[in-house]
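Comments concern the structure below.
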Amino acid sequence: MRTWGILLLPLILILFLKVNGQRRKPRPTVVRPPKRPTPPPIEPVEPTDLPPPLPPGPPSIFPDCPRECYCPPDFPSTIYCDSRNLRKVPVLPSRARYVYLQNNFIEDLPEEAFKNASEIQWINLDNNRIKKLDKKILEKMENLTYLYMEKNQLKEVPSYLPPSLEQLRLSRNQISKIPSGVFNKMNHLILLDLHHNKLSDNVFNKNTFKGLKNLIQLNLAHNILRKMPPTVPDTVNQLFLDRNNIEEIPANYFKDLPNLAFLRLNYNQLSDKGLDKNTFNISSLLVLQLAHNRFTSVPFISQQLEHLYMNDNVIEKINGTELCPLPFAPFDFSTTDLSSIPHLRYLRLDGNQLKPPIPLDVIMCFRLLQSVII
């Protein structure tokens, strides 16, 4: 009997495990469908940072108003065609005097578009894709006074510009060439803006600006100049040469600029070594900006200078006796005549190796100082 029990025990154990296994059925494997890949963002037909086109306005009271543009009833001589994703210039009416075409995709100026609008005085073509201008277009605009062509793709200053121009703004292009004689007949030009281009030293010669007899502002900032332009029109009042690589200034460079009042040379490679002592001793100068250069001392200035920016150089000390444009003399506080003392009112020296306080001899020299940053 015991023998049968021993033989039946494994059989009972096997049956128990089998029945228990049937009770605990394995969980079915869940098969999930694969995730759909996220579709890439739809690329625009033409990459651009321009604003979306403006919605069409109400019907114009002018039957000759281009359908792509807006012609305000209160200003019949003004045509607004800006920020409308235009690829070409629409045919402009003969009454057009002020034309706004900025922020579009215009690549050229077809003669057909301007065949009736020969009396335009102001045209804004900023932020387009113009690479070159047909000489026939501008030649016929005998009354054109303001030409705005900033942020385009011009490789050179357009030739055959109308002599009537007073302002020519060509900044933020790719200009590396100024055709010979391009300014010869531009007696009325008062502002020439060529900043943020690719102008180098070999572009300029003594005749580059010949003909600009009334130029007031010349902006050559943010180019690749290593030298000062050989000549600058003697009528210039504002000369901007920031963000170039200018290392030195020839002696007496500014003596032929009797009207120069504002001079900016920030972000260059200027130092004391490349300058004559009296380089910036210019009697007409009111504002002088020499920030972000390599000066170790403050250059000698004129008595008439009112604003001096010398921040972010390597100046270690400042000596009022050497800096003062006039010999020290007792100042009579009872007099109202200020012509006998230096006119400096604003002095910026921060970003150097100076430590306050300002030396007393500087304060005694520049009695009119209202703000000193150190």
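The values are calculated or read from the model by the stated rules, or taken from the named source; none is laboratory data. Because the structure is a prediction, the values reported are computed rather than measured. Cβ sites come from the backbone with ideal geometry, for glycine too, and all protein chains shown count toward neighbours. Heavy atoms of the whole protein, side chains included, go into the accessibility calculation; ligands, DNA and RNA do not. Shrake-Rupley method; radii C 1.70, N 1.55, O 1.52, S 1.80 Å.
Annotations for the structure displayed:
- Rolling a 1.4 Å probe over the heavy atoms of the protein chains gives region 220-309 an accessible area of 44 Å² per residue.
- Estimated at the nearest 10 Å², the accessible area of residue 123 is 0 Å² with a 1.4 Å probe.
- Cα-based shape type of region 216-374, given that a ≥ b ≥ c are square roots of the gyration tensor eigenvalues and the cut on a/c is 1.5: oblate
- Sorting 171, 180 by accessible area puts them as 180, 171; the probe is 1.4 Å, largest comes first, and only protein heavy atoms count.
- Across the protein chains, with a 1.4 Å probe defining accessible surface, the residues 227, 177 rank 227, 177 from largest area downward.
- Label-point separation, residue 360 to residue 314 (7 Å along Cα→Cβ), nm: 3.2
- 20 Å Cα-Cα reach of residue 115 towards lysines, excluding residues that sit fewer than 8 places from it in its own chain: 88, 132, 135, 136, 140
- Across 273, 198, the residue with the most accessible area heads the list, and the full order at a 1.4 Å probe is 273, 198.
- Only protein heavy atoms count here; on that basis, with a 1.4 Å probe, residue 159 has an accessible area of about 40 Å².
- Longest to shortest principal axis, alpha-carbon extents of region 53-184, angstrom: 47, 27, 22
- For region 112-129, 3J(HN,Hα) computed residue by residue from phi via the Karplus equation (6.51, -1.76, 1.60; θ = phi - 60°) reads 4, 5, 10, 4, 9, 9, 8, 9, 4, 10, 9, 9, 10, 10, 4, 6, 10, 10 Hz, glycine and proline entered as x.
- Cα centroid separation, region 64-126 to region 155-224 (Å): 25
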